[in-house]
1. For I210, what charge total do you get from the other residues with a beta carbon under 11 Å from its beta carbon, if Lys and Arg give +1 and Asp and Glu give -1?
2. Residue by residue through segment 173-180, which ³J(HN,Hα) values in whole Hz follow from phi under the Karplus form 6.51 cos²θ - 1.76 cosθ + 1.60 (θ = phi - 60°), with glycine and proline marked x?
3. Which of rounded, prolate or oblate describes segment 48-123 when judged by the alpha-carbon gyration tensor and an a/c cut-off of 1.5?
4. Would you calculate, for the chain, the mean residue ellipticity at 222 nm contributed by helices, counting each DSSP H stretch of 4 or more residues as -39,500 (n - 2.57) and dividing by all residues, to the nearest 500?
5. Percent antiparallel among DSSP beta bridges with both residues in the chain, to the nearest 5?
6. Given H placed on each backbone N at 1.01 Å, which residues far from L101 in sequence or on other chains put an amide H within less than 5 Å of it?
7. Classify segment 109-237 as rounded, prolate or oblate from the Cα gyration tensor: take a ≥ b ≥ c as the square roots of its eigenvalues, call it rounded if a/c is under 1.5, otherwise prolate when a/b beats b/c and oblate if not.
8. Under unit Cβ charges (Lys, Arg +1; Asp, Glu -1), what dipole magnitude, rounded to 20 debye, does the chain have relative to its Cα centre?
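The values are calculated or read from the model by the stated rules, or taken from the named source; none is laboratory data. Owing to the predicted nature of the structure, the values given are computational and were not obtained by experimental measurement. With ideal geometry, Cβ positions are generated from the backbone for all residues, glycine too; neighbour counts draw on all protein chains shown. Please note that ligands, DNA and RNA were not included when accessible areas were found on the heavy atoms of the full protein model with its side chains. Shrake-Rupley method; radii C 1.70, N 1.55, O 1.52, S 1.80 Å.
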Amino acid sequence: MKVLILDTAEAAIDRSATILLDVVRRKPASVLGLATGGTMLPLYDRVVSRHAAEGVSFAGVTTFNLDEYIGLGPDHIGSYHHYMRKALFDRIDIDIRLTHLPRGDAPDPTAEAEAYERRIEAAGGIDLQLLGIGRNGHIGFNEPTSSLASRTRIKTLTDDTRQANRAYFDSLADTPRFAITMGVGTILATRACLLLATGAAKAPAVARMIEGPVSAACPATALQLHRQVTVVLDRAAAAELSLRDYYEHIHPNGAESDFG
Ligand code: GLP
(Lines give C-alpha, C1' and ligand atoms only; values in the text may rest on other atoms or scores of the structure.)
Protein backbone atom coordinates (compact mmCIF):
# COMPACT_ATOMS: atom_id res chain seq x y z
CA MET A 1 0.00 0.00 0.00
CA LYS A 2 1.17 3.47 -0.83
CA VAL A 3 0.29 5.75 2.08
CA LEU A 4 0.34 9.48 1.31
CA ILE A 5 -0.10 11.83 4.28
CA LEU A 6 -0.90 15.47 3.56
CA ASP A 7 -1.00 18.34 6.03
CA THR A 8 -4.61 19.32 5.46
CA ALA A 9 -7.83 17.81 4.13
CA GLU A 10 -7.68 20.31 1.28
CA ALA A 11 -4.22 19.10 0.25
CA ALA A 12 -5.34 15.45 0.49
CA ILE A 13 -8.33 16.21 -1.72
CA ASP A 14 -6.17 18.01 -4.28
CA ARG A 15 -3.65 15.12 -4.32
CA SER A 16 -6.51 12.66 -4.91
CA ALA A 17 -7.90 14.81 -7.73
CA THR A 18 -4.46 14.78 -9.37
CA ILE A 19 -4.30 10.97 -9.25
CA LEU A 20 -7.79 10.62 -10.76
CA LEU A 21 -7.26 13.25 -13.46
CA ASP A 22 -3.90 11.69 -14.41
CA VAL A 23 -5.62 8.35 -15.05
CA VAL A 24 -8.13 10.03 -17.40
CA ARG A 25 -5.37 12.08 -19.05
CA ARG A 26 -3.37 8.92 -19.75
CA LYS A 27 -6.37 6.86 -20.86
CA PRO A 28 -9.31 8.98 -22.06
CA ALA A 29 -11.52 5.86 -22.29
CA SER A 30 -10.83 4.85 -18.68
CA VAL A 31 -13.28 2.84 -16.62
CA LEU A 32 -13.58 4.54 -13.23
CA GLY A 33 -15.15 3.06 -10.11
CA LEU A 34 -16.79 5.85 -8.12
CA ALA A 35 -17.76 6.30 -4.48
CA THR A 36 -20.24 8.43 -2.55
CA GLY A 37 -20.35 9.85 0.99
CA GLY A 38 -19.42 13.20 2.48
CA THR A 39 -15.68 12.70 1.93
CA MET A 40 -16.11 12.53 -1.83
CA LEU A 41 -18.07 15.79 -2.22
CA PRO A 42 -15.07 18.16 -1.98
CA LEU A 43 -13.09 15.76 -4.18
CA TYR A 44 -15.74 15.92 -6.90
CA ASP A 45 -15.81 19.72 -6.55
CA ARG A 46 -12.06 19.76 -7.13
CA VAL A 47 -12.29 17.39 -10.12
CA VAL A 48 -15.01 19.58 -11.64
CA SER A 49 -12.98 22.79 -11.34
CA ARG A 50 -9.69 21.24 -12.39
CA HIS A 51 -10.98 19.21 -15.36
CA ALA A 52 -12.19 22.43 -16.96
CA ALA A 53 -9.08 24.41 -16.09
CA GLU A 54 -6.71 21.66 -17.25
CA GLY A 55 -8.72 20.57 -20.29
CA VAL A 56 -9.21 16.95 -19.19
CA SER A 57 -12.26 15.51 -20.92
CA PHE A 58 -14.50 12.81 -19.42
CA ALA A 59 -16.37 12.30 -22.70
CA GLY A 60 -14.90 8.81 -23.21
CA VAL A 61 -14.96 7.72 -19.56
CA THR A 62 -17.17 4.89 -18.29
CA THR A 63 -18.10 4.79 -14.60
CA PHE A 64 -19.42 2.22 -12.15
CA ASN A 65 -20.47 3.31 -8.67
CA LEU A 66 -19.87 1.09 -5.70
CA ASP A 67 -23.38 0.91 -4.35
CA GLU A 68 -27.00 2.08 -4.12
CA TYR A 69 -29.72 1.86 -1.50
CA ILE A 70 -32.42 -0.73 -2.10
CA GLY A 71 -35.91 0.75 -2.41
CA LEU A 72 -34.87 4.15 -3.78
CA GLY A 73 -35.48 5.11 -7.40
CA PRO A 74 -32.87 7.18 -9.26
CA ASP A 75 -34.78 10.42 -8.64
CA HIS A 76 -35.05 9.97 -4.87
CA ILE A 77 -33.10 12.78 -3.26
CA GLY A 78 -31.33 10.35 -0.90
CA SER A 79 -30.28 7.97 -3.70
CA TYR A 80 -26.72 7.70 -4.91
CA HIS A 81 -28.01 8.20 -8.48
CA HIS A 82 -29.16 11.66 -7.38
CA TYR A 83 -25.95 12.30 -5.43
CA MET A 84 -23.78 11.46 -8.45
CA ARG A 85 -25.73 13.66 -10.86
CA LYS A 86 -25.54 16.65 -8.50
CA ALA A 87 -21.97 16.13 -7.33
CA LEU A 88 -20.34 15.19 -10.62
CA PHE A 89 -22.19 13.98 -13.70
CA ASP A 90 -24.19 17.18 -14.33
CA ARG A 91 -21.03 19.26 -13.97
CA ILE A 92 -18.60 17.56 -16.36
CA ASP A 93 -18.67 16.51 -20.02
CA ILE A 94 -19.34 12.84 -19.23
CA ASP A 95 -21.74 10.83 -21.42
CA ILE A 96 -24.48 9.93 -18.90
CA ARG A 97 -25.15 6.70 -20.87
CA LEU A 98 -21.68 5.49 -19.87
CA THR A 99 -22.37 5.98 -16.14
CA HIS A 100 -23.61 3.02 -14.11
CA LEU A 101 -25.05 2.52 -10.64
CA PRO A 102 -27.01 -0.48 -9.41
CA ARG A 103 -30.77 0.22 -9.59
CA GLY A 104 -32.12 0.37 -6.05
CA ASP A 105 -35.66 0.05 -7.37
CA ALA A 106 -35.02 -3.07 -9.49
CA PRO A 107 -37.86 -5.57 -9.07
CA ASP A 108 -35.32 -8.35 -8.44
CA PRO A 109 -32.32 -6.85 -6.55
CA THR A 110 -30.37 -10.13 -6.62
CA ALA A 111 -30.66 -10.34 -10.42
CA GLU A 112 -29.72 -6.64 -10.62
CA ALA A 113 -26.58 -7.28 -8.54
CA GLU A 114 -25.51 -10.18 -10.74
CA ALA A 115 -26.18 -8.19 -13.91
CA TYR A 116 -24.12 -5.28 -12.50
CA GLU A 117 -21.15 -7.56 -11.98
CA ARG A 118 -21.45 -8.73 -15.62
CA ARG A 119 -21.66 -5.13 -16.84
CA ILE A 120 -18.35 -4.34 -15.14
CA GLU A 121 -16.74 -7.35 -16.80
CA ALA A 122 -18.19 -6.42 -20.20
CA ALA A 123 -16.65 -2.94 -19.86
CA GLY A 124 -13.25 -4.60 -19.44
CA GLY A 125 -12.92 -4.13 -15.67
CA ILE A 126 -12.18 -1.05 -13.60
CA ASP A 127 -8.96 0.93 -14.14
CA LEU A 128 -9.20 3.03 -10.97
CA GLN A 129 -11.60 2.46 -8.08
CA LEU A 130 -12.23 5.42 -5.81
CA LEU A 131 -13.01 4.46 -2.20
CA GLY A 132 -13.92 6.06 1.10
CA ILE A 133 -13.99 4.18 4.37
CA GLY A 134 -16.75 3.80 6.94
CA ARG A 135 -16.03 4.31 10.65
CA ASN A 136 -16.50 0.57 11.09
CA GLY A 137 -14.02 -0.26 8.32
CA HIS A 138 -16.54 -0.83 5.53
CA ILE A 139 -15.73 -0.14 1.89
CA GLY A 140 -18.68 0.33 -0.44
CA PHE A 141 -21.40 -1.12 1.80
CA ASN A 142 -19.36 -4.20 2.68
CA GLU A 143 -20.11 -4.23 6.37
CA PRO A 144 -17.98 -6.13 8.92
CA THR A 145 -17.97 -9.91 8.30
CA SER A 146 -18.49 -9.45 4.55
CA SER A 147 -16.77 -12.25 2.69
CA LEU A 148 -13.43 -11.06 1.36
CA ALA A 149 -14.29 -12.94 -1.86
CA SER A 150 -17.77 -11.41 -2.19
CA ARG A 151 -19.14 -10.03 -5.44
CA THR A 152 -21.93 -7.49 -6.06
CA ARG A 153 -24.88 -8.46 -3.89
CA ILE A 154 -27.37 -7.28 -1.28
CA LYS A 155 -26.08 -6.25 2.15
CA THR A 156 -27.97 -5.36 5.31
CA LEU A 157 -26.64 -2.11 6.75
CA THR A 158 -25.44 -1.92 10.35
CA ASP A 159 -27.08 0.48 12.80
CA ASP A 160 -23.82 2.45 12.91
CA THR A 161 -23.86 2.95 9.13
CA ARG A 162 -27.54 3.93 9.16
CA GLN A 163 -26.84 6.46 11.93
CA ALA A 164 -23.91 7.87 9.93
CA ASN A 165 -26.05 8.23 6.78
CA ARG A 166 -29.21 9.36 8.56
CA ALA A 167 -28.45 13.03 7.80
CA TYR A 168 -29.39 12.45 4.14
CA PHE A 169 -32.91 11.31 5.10
CA ASP A 170 -35.85 12.74 7.06
CA SER A 171 -35.46 10.34 9.97
CA LEU A 172 -33.70 7.15 10.99
CA ALA A 173 -36.88 5.24 10.14
CA ASP A 174 -36.61 6.59 6.56
CA THR A 175 -32.93 5.62 6.26
CA PRO A 176 -32.65 2.49 4.08
CA ARG A 177 -31.81 -0.84 5.69
CA PHE A 178 -30.40 -2.60 2.62
CA ALA A 179 -28.09 -1.79 -0.26
CA ILE A 180 -26.69 -3.37 -3.41
CA THR A 181 -22.91 -3.09 -3.22
CA MET A 182 -19.91 -4.26 -5.18
CA GLY A 183 -18.29 -7.02 -3.15
CA VAL A 184 -14.85 -7.00 -1.56
CA GLY A 185 -13.80 -9.44 -4.29
CA THR A 186 -15.15 -7.07 -6.96
CA ILE A 187 -13.02 -4.28 -5.48
CA LEU A 188 -9.96 -6.53 -5.31
CA ALA A 189 -10.40 -7.32 -9.02
CA THR A 190 -9.93 -3.66 -10.02
CA ARG A 191 -6.58 -2.64 -11.51
CA ALA A 192 -5.93 0.14 -8.98
CA CYS A 193 -7.62 1.71 -5.96
CA LEU A 194 -7.49 5.20 -4.51
CA LEU A 195 -8.86 5.49 -0.97
CA LEU A 196 -9.36 8.96 0.49
CA ALA A 197 -9.98 9.48 4.20
CA THR A 198 -10.05 12.79 6.03
CA GLY A 199 -10.78 13.80 9.62
CA ALA A 200 -10.16 12.35 13.07
CA ALA A 201 -13.32 10.21 13.04
CA LYS A 202 -11.70 7.95 10.43
CA ALA A 203 -8.34 7.54 12.23
CA PRO A 204 -9.14 4.22 14.02
CA ALA A 205 -10.55 2.59 10.86
CA VAL A 206 -7.59 3.85 8.81
CA ALA A 207 -5.08 2.39 11.28
CA ARG A 208 -6.85 -0.99 11.25
CA MET A 209 -7.02 -1.00 7.45
CA ILE A 210 -3.31 -0.31 6.94
CA GLU A 211 -1.68 -1.96 9.94
CA GLY A 212 -4.21 -4.41 11.35
CA PRO A 213 -4.55 -8.10 10.54
CA VAL A 214 -6.49 -8.95 7.38
CA SER A 215 -9.95 -9.87 8.58
CA ALA A 216 -13.55 -9.78 7.42
CA ALA A 217 -14.21 -8.00 10.74
CA CYS A 218 -12.71 -4.95 9.02
CA PRO A 219 -13.38 -5.36 5.27
CA ALA A 220 -11.03 -2.51 4.29
CA THR A 221 -8.09 -4.66 5.47
CA ALA A 222 -8.65 -6.76 2.32
CA LEU A 223 -6.97 -3.91 0.42
CA GLN A 224 -3.67 -5.21 1.86
CA LEU A 225 -4.10 -8.03 -0.68
CA HIS A 226 -4.45 -5.64 -3.64
CA ARG A 227 -1.28 -4.87 -5.62
CA GLN A 228 -2.03 -1.25 -6.45
CA VAL A 229 -3.63 0.75 -3.65
CA THR A 230 -2.94 4.39 -2.85
CA VAL A 231 -4.32 5.70 0.44
CA VAL A 232 -4.48 9.49 0.70
CA LEU A 233 -4.91 10.90 4.21
CA ASP A 234 -4.89 14.19 5.99
CA ARG A 235 -2.96 14.45 9.25
CA ALA A 236 -6.09 13.87 11.38
CA ALA A 237 -7.02 10.61 9.61
CA ALA A 238 -3.39 9.42 9.84
CA ALA A 239 -3.11 10.15 13.59
CA GLU A 240 -3.34 6.54 14.83
CA LEU A 241 -0.86 4.97 12.40
CA SER A 242 2.10 3.52 14.29
CA LEU A 243 4.43 3.66 11.25
CA ARG A 244 3.43 7.21 10.29
CA ASP A 245 7.03 8.46 10.29
CA TYR A 246 8.02 5.70 7.87
CA TYR A 247 5.24 6.57 5.40
CA GLU A 248 6.18 10.25 5.58
CA HIS A 249 9.83 9.40 5.08
CA ILE A 250 8.99 7.53 1.85
CA HIS A 251 6.46 10.09 0.61
CA PRO A 252 7.26 13.50 2.12
CA ASN A 253 4.12 15.63 1.94
CA GLY A 254 2.47 12.99 -0.24
CA ALA A 255 5.10 13.12 -3.00
CA GLU A 256 5.93 10.05 -5.08
CA SER A 257 9.01 8.16 -3.88
CA ASP A 258 12.06 7.76 -6.12
CA PHE A 259 10.69 4.36 -7.11
CA GLY A 260 7.05 5.41 -7.61
C1 GLP B 1 -21.04 5.27 2.95
C2 GLP B 1 -20.65 4.71 1.54
C3 GLP B 1 -19.17 4.46 1.46
C4 GLP B 1 -18.43 5.63 2.08
C5 GLP B 1 -18.66 5.64 3.57
C6 GLP B 1 -18.07 6.85 4.28
O7 GLP B 1 -21.90 4.48 3.66
N8 GLP B 1 -21.37 3.55 1.13
O9 GLP B 1 -18.80 4.27 0.10
O10 GLP B 1 -17.04 5.51 1.87
O11 GLP B 1 -20.01 5.45 3.90
O12 GLP B 1 -18.85 7.98 4.09
P13 GLP B 1 -18.38 9.44 4.52
O14 GLP B 1 -17.39 9.87 3.53
O15 GLP B 1 -19.65 10.24 4.48
O16 GLP B 1 -17.81 9.32 5.88
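1. Net local charge, I210 excluded: +1.
2. 4, 7, 6, x, 9, 9, 9, 9
3. In terms of gyration-tensor shape, oblate.
4. Taken over the chain, the calculation gives -9500 deg cm²/dmol.
5. Details: 9 of 30 bridges.
Antiparallel bridges make up about 30 percent of those DSSP assigns within the chain.
6. N65
7. In terms of gyration-tensor shape, oblate.
8. Values: 27 positive and 31 negative charges, 60 e Å.
With Lys and Arg at +1 and Asp and Glu at -1, about 280 debye.
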